[in-house]
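The values are calculated or read from the model by the stated rules, or taken from the named source; none is laboratory data. What you see is a predicted model; the values in this text were computed from it and never measured. Note that each Cβ is placed from the backbone with ideal geometry, even for glycine, and that neighbours are counted across all protein chains shown.
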Amino acid sequence: MNLLLSDPVEALKRYVSHPSVSADPSFSDGVAGARDCACSMLRELGFSVDLVETPIHPVIVATRGDPSWPGLVIYGHYDVQPPDPLNLWSADPFEAVQRDGRLYGRGAADNKGPQIVHMAALARALQKNPDLPLRITYLIEGEEEIGSPSFRKFLEDGKERLKGDFLLVSDTGSPGPEQLAVTTGLRGLVALEVKVYGPKQDLHSGVHGGALLNPLQALAQACASLHDKDGRVTVPGFYDAVQPPRDWEREELAKLPITEAAYADFLGAPDFFPPPGYSPLEAIRFCPTLEFNGIGGGYQGEGSKTVIPAEAFAKITCRLVPDQSAEDIAAKVEAALQAAFPPAVRVKVEAKGGGDPYAIMPPGKPGADEGAKPLLKRAFPLAEQCIENSFGCRPLYLREGGSIPIIRDLKEVARLDSLMLGLFTNEDNLHAPDESFNLEIMHKAIEAFEGFFTGLAGD
């Protein structure tokens, strides 16, 4: 019995039951189990399935259809985040539990649930028309949650297998079960690590204090110099290439069914601190950032230990918007940091990876690519109509604050632009305890994507 047709929720439970944590080698059996589960479901749909080996976890490449048919590539990932801390889960994270209209389990929303939506919708479309003239290539990787380290080389070696007119992705978010969003932009990312070195070892702060510059003090001063009092980044040239949002983008964002007060309450934040000229909801989508993700050094235990630490560190990430370049911003931030430290300490700044931002404007909107492939031009209005039919309202076209570097890679290497339709919400607790997937969204989205696949095929 094909669960994708008879009971897609049960199919998702089975997929979630495989603990496919890519970051921890002790979960290797779970990673393999999830991979095999996805392969099995694709074979039931009539796909030819290959596993492409990488240095870490294989990539699933599955195909169906005649090469002459209109085609698309569907992206997903079978790996998940670690479940820790386990004591904050209401049930075993890998024994999916259905409760109050949700399915709880690690990976239920990110990204196994959206994959089941696509597969179940396709199963329905193929049941009605087994010869549906639509060529589909599935691309499901197992390293997304560790930064997709093998993905770029996989693309460069196998891009000829990824023939299609566009990429379909549902690894993005939406405002809620009554309002979906088509993502039109993803922020890029730059990660850097700063290490500051003072004396050759930790020193007694009474015996030596006053003679040396404390690495923690130097680090704090340098980090503080990277923003002004209004929160704008002071790195020279940081904003030079930034493209401001278009009027229609701000108008779409204004339709979001959430107030600033509700957003603050959801975050538990006492107040917002957006850059001048932007609301908080605009800032997370339209503005570049420079954030401190971790700062440390010296004694971290209980009580007091009077030392001058030998070294200190900071972890920094920048989120980038069109038309910023990850390489350019990394160089500018590194130069600003090097200039911020006096010669009394030694400094090492390392870029730890990242990727450029990605943006796509829907057909008919200012800035749209008039040279886009015909099937992609059809896909946007078709998706809008199918979503309105199933959810009762048209999707919003919104940039998203997060980053998915592989989307940019697929554009650069395989020349695939993306239709990104989000199926998870903030309430789904991605990467946190009690991750869940909204089953109302799941069932409505299956109906919507059935119409979408059928419409793309021209039936």
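Taking the stretch 411-428 as the region of interest, how many residues are surrounded by 17 or more Cβ atoms within 10 Å (Cβ to Cβ) and either under 19 Å from Val117 (Cα atoms) or within 14 Å of the chain's Cα centre (by Cα) (or both)?
9
For residues that are of a type in the set (Ser, Thr, Tyr) and at pLDDT 95 or above, tally how many sit in the stretch 280-305. Step through it out loud before you land on a result.
Applying the first criterion (of a type in the set (Ser, Thr, Tyr)) to the stretch 280-305 yields 289, 299, 304.
Applying the additional criterion that residues be at pLDDT 95 or above yields 289.
Residues in the stretch 280-305 being of a type in the set (Ser, Thr, Tyr) and at pLDDT 95 or above: 1 in total.
Those residues that are out of contact with any Asp or Glu (no Cβ under 6 Å at 6 or more places or on another chain) and part of a loop (DSSP other than H, G, I, E, B), I need them from the stretch 333-365; list them, please.
Step one: list which residues in the stretch 333-365 are out of contact with any Asp or Glu (no Cβ under 6 Å at 6 or more places or on another chain), which gives 333-348, 351, 353-359, 361-365.
Selection gives Phe341, Pro342, Pro343, Ala344, Val345, Asp356, Pro357, Met361, Pro362, Pro363, Gly364, Lys365.
Identify all residues within the stretch 328-352 that are surrounded by fewer than 16 Cβ atoms within 10 Å (Cβ to Cβ) and either aromatic (Phe, Trp, Tyr) or in contact with a helix residue (DSSP H, G or I) (Cβ under 8 Å, 6 or more places away or on another chain) (or both); write none if there are none. Write out each step before concluding.
Our first condition is that a residue be surrounded by fewer than 16 Cβ atoms within 10 Å (Cβ to Cβ); within the stretch 328-352, this holds for 331, 335, 338-339, 342-344, 346, 348, 350, 352.
Correct list: Pro342, Ala344.
Which of the following residues is free of Cβ contacts under 8 Å to residues at least 12 places away in the same chain, more than 18 Å from the chain's Cα centre (by Cα) and assigned by TED's automatic domain parsing to the domain that holds Leu155: Glu384, Glu450, Glu388? Before the answer, list the steps.
Numbers: Glu384 fails: free of Cβ contacts under 8 Å to residues at least 12 places away in the same chain; Glu450 fails: free of Cβ contacts under 8 Å to residues at least 12 places away in the same chain.
Only one candidate qualifies: Glu388.
Looking at the stretch 366-399, which of the residues that are at negative phi, small (Gly, Ala, Ser) and assigned to a loop (DSSP other than H, G, I, E, B) is modelled with the highest pLDDT? Can you show your working first?
From the stretch 366-399, those at negative phi are 366, 368-391, 393-399; that's our starting set.
Going one step further and asking which of them are small (Gly, Ala, Ser), we end up with 368, 371-372, 379, 383, 390.
Still in the running and assigned to a loop (DSSP other than H, G, I, E, B): 368, 371-372.
Details: Ala368: 79, Gly371: 76, Ala372: 82.
So the residue we want is Ala372.
Considering only the stretch 249-289, state which residues are closer than 25 Å to Pro357 by Cβ and hydroxyl-bearing (Ser, Thr, Tyr).
Tyr263, Tyr278, Ser279, Thr289
Pick from the stretch 6-33 the residues that are closer than 18 Å to Leu86 by Cβ and among the β-branched types (Val, Ile, Thr): which of them is surrounded by the fewest Cβ atoms within 10 Å (Cβ to Cβ)?
Val21
Could you grab me the full set of residues in the stretch 319-358 that are closer than 13 Å to Ala241 by Cβ and in contact with a strand residue (DSSP E or B) (Cβ under 6 Å, 6 or more places away or on another chain)?
Leu320, Pro322, Ala326, Ile329, Asp356, Pro357
Out of Ala62, Ala11, Ala38, I need the residue that is of a type outside the set (Ser, Thr, Tyr) and in contact with an Asp or Glu (Cβ under 8 Å, 6 or more places away or on another chain). Which one? Walk me through how you get there before you give the answer.
Details: Ala11 fails: in contact with an Asp or Glu (Cβ under 8 Å, 6 or more places away or on another chain); Ala38 fails: in contact with an Asp or Glu (Cβ under 8 Å, 6 or more places away or on another chain).
It is Ala62.
Does Gly301 satisfy the condition of being assigned by TED's automatic domain parsing to the domain that holds Gly209 and part of a loop (DSSP other than H, G, I, E, B)? Working first, answer last.
Values: assigned by TED's automatic domain parsing to the domain that holds Gly209: yes; part of a loop (DSSP other than H, G, I, E, B): yes.
Yes.
I'm checking my understanding of the structure. Among residues of the stretch 284-298 that are in a loop (DSSP other than H, G, I, E, B) and in contact with a Phe, Trp or Tyr (Cβ under 9 Å, 6 or more places away or on another chain), which one is farthest from Phe272 (Cα to Cα)?
Step one: list which residues in the stretch 284-298 are in a loop (DSSP other than H, G, I, E, B), which gives 287-288, 298.
After this cut, where a residue has to be in contact with a Phe, Trp or Tyr (Cβ under 9 Å, 6 or more places away or on another chain) as well, the list is 287-288.
On the way: Cys287: 14, Pro288: 16 Å.
Top of the filtered list is Pro288.
How many residues are under 15 Å from Leu12 (Cα atoms), without any contact (Cβ under 8 Å) to a residue 40 or more places away in the chain and either touching a helix residue (DSSP H, G or I) at 6+ places or on another chain (Cβ under 9 Å) or surrounded by 15 or more Cβ atoms within 10 Å (Cβ to Cβ) (or both) if we restrict to the stretch 38-85?
1
What is the residue count in the stretch 425-439 for residues that are on the phi < 0 side of the Ramachandran plot and either in a strand (DSSP E or B) or of a type outside the set (Asp, Glu) (or both)? Walk me through it before giving the result.
Residues of the stretch 425-439 on the phi < 0 side of the Ramachandran plot: 425-428, 430, 432-433, 435-439.
Subsequent filtering for residues that are either in a strand (DSSP E or B) or of a type outside the set (Asp, Glu) (or both) retains 425-426, 430, 432-433, 436-439.
Adding up the residues that qualify gives 9.
Restricting to the stretch 199-214, name every residue that is within 46 Å of the chain's Cα centre (by Cα) and part of a loop (DSSP other than H, G, I, E, B). Don't jump to the end; show me each part of the working.
So the first thing to find is which residues in the stretch 199-214 are within 46 Å of the chain's Cα centre (by Cα), and the list is 199-205, 209, 212-214.
Within the stretch 199-214, Pro199, Lys200, Gln201, Asp202, Gly209, Leu212, Leu213, Asn214 meet the criteria.
Please report, ordered by residue number, the strands (runs of 3 or more DSSP E) entirely within the stretch 1-110 with at least 1 residues that are among the aromatic types (Phe, Trp, Tyr). Full working, then the answer.
Numbers: elements: 48-52, 59-64, 71-77, 97-99, 102-104.
Fully inside the stretch 1-110 and qualifying: 71-77, 102-104.
Name every residue in the stretch 174-209 that is under 30 Å from Asp100 (Cβ atoms) and crowded, with 22+ Cβ neighbours inside 10 Å, in order of residue number. Can you show your working first?
At the first step, the residues of the stretch 174-209 found to be under 30 Å from Asp100 (Cβ atoms) are 174-183.
If the condition is that a residue be under 30 Å from Asp100 (Cβ atoms) and crowded, with 22+ Cβ neighbours inside 10 Å, then Ser174, Leu180, Ala181, Val182, Thr183 are the ones that fit.
Cβ-Cβ under 9 Å, sequence separation 6+ or interchain: first residue in the stretch 244-263 and touching a residue at least 12 places away in the same chain (Cβ under 8 Å), partner among the aliphatic types (A, V, I, L, M) and exposed (fewer than 12 other Cβ atoms within 10 Å of the Cβ). Which pairs?
Between residues of the stretch 244-263 that are touching a residue at least 12 places away in the same chain (Cβ under 8 Å) and residues that are among the aliphatic types (A, V, I, L, M) and exposed (fewer than 12 other Cβ atoms within 10 Å of the Cβ), the close pairs are Tyr263/Ala269.
Got a number for residues in the stretch 232-261 being assigned to a loop (DSSP other than H, G, I, E, B) and at pLDDT 95 or above? Lay out the reasoning, then the answer.
Within the stretch 232-261, the first condition is being assigned to a loop (DSSP other than H, G, I, E, B), and the residues that meet it are 232, 234-246, 255-259.
Imposing the further condition that a residue be at pLDDT 95 or above reduces the set to 232, 234-242.
The number of residues fulfilling the criteria is 10.
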